[in-house]
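**Student:** Sharing a structure below in structure tokens format, with a few things to ask.
The values are calculated or read from the model by the stated rules, or taken from the named source; none is laboratory data. This is a predicted model, so every value here is computed, not measured. So basically every Cβ, Gly included, is an ideal-geometry build from the backbone, and we count neighbours across all protein chains shown. Note: accessible area is taken over every heavy atom of the protein model, side chains too, but ligands, DNA and RNA are not part of it. Shrake-Rupley method; radii C 1.70, N 1.55, O 1.52, S 1.80 Å.
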Amino acid sequence: MLAGGAALLSRNSSGAPDAAPGMITISPSPMDLETPVADFVNVITPTEHFFVRCHTMTPHVKLADWKLEVTGLVDRPGSVTMEDLRKLPRVTLQAVLECAGNGRSFYQPRMPGAQWKFGSVGNAVWTGVRLRDVLARFGLRTGARNLLMDGADVPIGKMQDFQRTLPVEKALDPDTLLAFEMNGNPLTAEHGFPVRVIAPGWASDSWVKWLQKIDVLDHEFDGFWMKTAYRHPAQHVAPGTAVDPKDMVPVTDLNIKSLIASPEEWAAPGVVAVKGVAWSNSSPVTRVDVSTDGGKTWQAAKLGGKPTKYGFRAFNYLWKAPAGNHVLIARAANAAGQVQPMEPEWNPNGYLYNAAQPRPVTISPSPAPRNDQPTGAAVPEPAVYKTACIGCHDGHFVSQQRLTRAQWDREVTKMTGWGAEVKAEDRASLLDYLAAAFKP
Ligand SMILES: Nc1nc2c(c(=O)[nH]1)N[C@H]1C(S)=C(S)[C@@H](COP(=O)(O)O)O[C@H]1N2
Ligand SMILES: [Mo]
């Protein structure tokens, strides 16, 4: 296989790759991995420590079988191979890939979905060709509005195929790429080998992996992944409000954000470098302020490296840290005047979390022991839990969600709609278990 990163991930007996040491496993299969906070001292996220989000099983595409088909509102429908793509001008750029759900677990009230904390984001160097150069081969017709993009992954059960549209204006942006390399190597299977979409400045639901088909439409596609998922309210809503998908708009631009990578929870007294990365949408980061007293006072951090339009910007603030407990906060701003807010903008699907987050740290000569939270179920696990949920999800993916009974009720309805088998007589015991074992 051509995947350059294959050596980075070892394969276990079932053929699924093991996550690199240190990665936080949200779900082993479908593979959802989060990057640990300490890794964000790097401006370029190493591929083996780059977060992974797959809605279904990772497809292993063979380059010899691969082509990209382009149909719909084009003059010359057809396909291109990798050889064709490689004849087009090659473009390399740095861009942040961030899951719309990054930080979802911090919203109150909580909501279903992968419970990402800080690390479903990364910055890589992407190499490929401009999507607009590819489209020029086929000739976009007037009236073309959206590109419906489909990857080689196949849905589980009755779940809908993961298909996303990209508006023509974003598709024709010279920075929108079809990439075949990540950090100087061919894409790995997990990150979309052989070709994925790079939509810089936008949340990563638009960065379709394993791309194999583009259908040019004169309308908006009404599949689940456009009509229901990846939408957020156009206007501010109070936390906990139910919002009709019709009153929501698709998630596009990322929010201005920063993340302290170090110190994580402890440091020895003396000069402590408070450092991490900040990122934005299409407007570069211009400033990061750091507070070491929970937000009472702020100091400008030093920005490192050269600014890039879409990449991470490193920041560093040298703090004379006295012994004791302190609360650090970093807060970024961009050239467009957007400032990272202190309060999150709650929305029903938990997207685009970007509140500046307090980081409690202890400054003392030696680290304090960790205090892990106890878990435990008061209600015994019913057989239906294994048969209905654990067939498709790893147990941890379910247990980390921590929902109310009403929320679990809605999840079970959604999952049975997607093919999970829950007999009417088993439903109450399943809900009793989920609500008791995995409560907020
Ligand atoms: N074909 C396909 N593309 C996809 C996905 C998917 O499940 N299938 N997941 C999307 C989502 S929600 C995210 S967050 C990113 C994750 O990219 P990564 O795994 O390379 O980090 O891929 C996007 N592209
Ligand atoms: Mo995502």
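**Student:** Project the alpha carbons of region 383-437 onto their principal axes and report the range along each, largest first, in whole Å.
**Tutor:** The principal-axis extents, from largest down, are 22, 21, 19 Å.
**Student:** Nearest 5 percent is fine: what portion of the DSSP beta bridges confined to the chain is antiparallel?
**Tutor:** Given both bridge residues lie in the chain, the antiparallel proportion sits at roughly 90 percent.
**Student:** Calculate for the chain the 222 nm mean residue ellipticity that helices alone would give, adding -39,500 (n - 2.57) per DSSP H run of length 4 or more and normalising by residue count, nearest 500 deg cm²/dmol.
**Tutor:** After summing the helix terms and dividing by the residues of the chain, the value is -3000 deg cm²/dmol.
**Student:** Mind checking the dipole of region 230-285: about its Cα centre, +1 per Lys or Arg Cβ, -1 per Asp or Glu Cβ, Debye to the nearest 20?
**Tutor:** 100 debye
**Student:** With Kirkwood's inverse mean 1/r over C-alpha pairs for Rh, give me the Rg to Rh ratio of region 167-255, two decimals please.
**Tutor:** 1.02
**Student:** If you don't mind, another one. Which Cα, out of V361, G270, P155, lies furthest along the positive dipole direction of the chain (beta carbon charges, K/R +1, D/E -1)?
**Tutor:** Highest projection toward the positive end goes to G270.
**Student:** Shifting gears a bit: Name the residue from F315, S79, A234 whose Cα lies farthest towards the positive end of the charge dipole of the chain, charges +1 on Cβ of Lys and Arg and -1 on Cβ of Asp and Glu.
**Tutor:** So the residue we want is F315.
**Student:** Can you tally the net charge around P344? Count Lys and Arg as +1, Asp and Glu as -1, for every other residue whose Cβ sits under 14 Å from the Cβ of P344.
**Tutor:** Neighbour charge sum, excluding P344 itself: +3.
**Student:** About its Cα centre, what dipole magnitude does region 118-239 give when the only charges are +1 on Lys and Arg Cβ and -1 on Asp and Glu Cβ, stated in debye to the nearest 20?
**Tutor:** Dipole magnitude for region 118-239 comes out near 100 debye.
**Student:** Work through the residues other than P112 whose Cβ is under 10 Å from its Cβ and net out their charges, Lys, Arg +1 and Asp, Glu -1.
**Tutor:** Computed value for this residue: +4.
**Student:** Still on this structure: Packing-wise, with mean Cβ within 10 Å as the measure, how do 183-192, 29-38, 105-114 rank, highest first?
**Tutor:** Descending mean neighbour count gives 183-192, 29-38, 105-114.
**Student:** Looking at the P(r) of the chain, how many percent of alpha-carbon pairs lie beyond 34 Å?
**Tutor:** For the chain, the fraction of Cα-Cα distances above 34 Å is 35 percent.
**Student:** When only alpha-carbon atoms are used, what values of Rg and Dmax, in angstrom, describe region 24-250?
**Tutor:** For region 24-250, the Cα-based Rg and Dmax read 17.5, 52 Å.
**Student:** Where does each of 48-55, 275-282 land if you order them by average Cβ count within 10 Å, highest first?
**Tutor:** 275-282, 48-55
**Student:** Moving on to the next point. For region 257-363, compute Rh as the Kirkwood radius over C-alpha pairs and then the Stokes-Einstein diffusion coefficient at 25 °C and 0.890 mPa s; write the answer in µm²/s, rounded to an integer.
**Tutor:** In µm²/s, the coefficient is 173.
**Student:** Same structure, new question: About the Cα centre, and with charges only on the beta carbon of Lys, Arg (+1) and Asp, Glu (-1), how big is the dipole of the chain? Nearest 20 debye, please.
**Tutor:** Approximately 840 debye in magnitude.
**Student:** On the protein heavy atoms, probe 1.4 angstrom, tell me the percent of accessible surface of the chain carried by carbon and sulfur.
**Tutor:** Carbon plus sulfur share of accessible area: 54 percent.
**Student:** Accessible area per residue of the chain at 1.4 Å probe, in Å²?
**Tutor:** Value returned for the chain: 44 Å² of accessible area per residue.
**Student:** Ok, one more. Describe numerically, in nm with one decimal, the distance between label points set 7 Å from Cα along Cα→Cβ at A378 and at K296.
**Tutor:** 4.0 nm
**Student:** Moving to a separate point now. Going down the list K309/K414; K170/K306; K227/K275; K257/K320, which pairs span over 32 Å between their C-alpha atoms?
**Tutor:** K309/K414; K227/K275
**Student:** Now, a different point. Counting pairs of alpha carbon atoms under 8 Å apart in space and at least six apart in sequence, what relative contact order in percent does region 257-363 give?
**Tutor:** It comes to 33 percent, rounded to a whole number.
**Student:** I would also like to ask the following. Could you name the aspartates and glutamates in cross-link range of K158, using Cα to Cα under 16 Å and dropping any fewer than eight places away on the same chain?
**Tutor:** Within reach: E411, E421.
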